[in-house]
Amino acid sequence: MARGGVALGKRLAADLGAVICFENEAGQGLRPPKGRSWAPHDQTPVFTVRGRRAGWVSIAGVRCFKPGDRPRLLDRLRLWHGRKGERRGFTWADYRDLIVATHNQLRSPMVWIWDNLTVHKTHGLVEFIDANRDWLRVVHLPSYAPELNPTEGVWSLLKRSLTDFAAADLDHLVRVVKRKLKKIQYRPDVLDGCLAQTGLALTTTA
């Protein structure tokens, strides 16, 4: 059953008094996402992008939920400059540090829900999770089920806001991404809407 993993996470959260944390990743390069724009009839608009084409921002986002509390969105960025030998995505240690940082900020036990990305199951990360079961439980979503992760809705909003945006360079892109994520963080109604789109009802009963 597609929602079985989330149901398990919900029961664990209720038992532990924990915050449910949905984690997911996205990325954005210097080329803006495709989207619609206004232009004279039969004249395709052209947006010129200056600077180097290499450059990528990887974003890990954590949507945090606990019944009765304000929804929260935490994030971490990793930059890729296109240099030889430079890693583009997050390492298992990056995910470990993200979990620790989220725990330190929430000051609460956590049920961490994410997908089956290979790096999520590396030996070092599994050992870390097992060693911290007093405050951390991890649930994996079913394969090919992004519609169950409310953080996907955050990425959709972010991509939509970047449509036709031409960054001058990687630093410019990072500043804009941080600013737009900050706006979403301060909109609990938007975060609740991302949860509603999944069809999940993460409420507790007495």
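Worth pointing out:
- Residues that are among the polar types (S, T, N, Q) and touching a helix residue (DSSP H, G or I) at 6+ places or on another chain (Cβ under 9 Å), drawn from the range 127-147: ASN132
- Being assigned to a loop (DSSP other than H, G, I, E, B) and at positive phi is a property that does not hold for ASP134.
- Residue within the range 104-115 that is closer than 28 Å to GLY55 by Cα, in a helix (DSSP H, G or I) and under 19 Å from the mean Cα position of the chain (by Cα) present: no
- Residue check for THR151: surrounded by 13 or more Cβ atoms within 10 Å (Cβ to Cβ), free of Cβ contacts under 8 Å to residues at least 60 places away in the same chain and of a type outside the set (Lys, Arg): no
- When the range 160-191 is filtered for residues that are in contact with a Phe, Trp or Tyr (Cβ under 9 Å, 6 or more places away or on another chain) and either more than 21 Å from ARG76 (Cβ to Cβ) or in contact (Cβ under 8 Å) with a residue 24 or more places away in the chain (or both), the ones remaining, listed by number, are ASP164, PHE165, ALA166, LEU170, LEU173, LEU191.
- Every pair of residues 6+ apart whose Cβ atoms lie under 6 Å, when the first sits in the range 75-86 and is under 29 Å from ILE184 (Cα atoms) while the second is among the hydroxyl-bearing types (Ser, Thr, Tyr) and surrounded by 14 or more Cβ atoms within 10 Å (Cβ to Cβ): ARG78/SER58
- Filter result for the condition that a residue is touching a residue at least 24 places away in the same chain (Cβ under 8 Å), closer than 14 Å to GLU23 by Cβ and among the aliphatic types (A, V, I, L, M), over ALA93, ALA101: ALA101
Here, each number is a calculation from the coordinates, and none is a lab measurement. Since the model is a prediction, treat every value here as computed from it, not as a measurement. Heads up, the Cβs are rebuilt from the backbone with ideal geometry, glycines too, and the neighbour counts pull from every protein chain shown.
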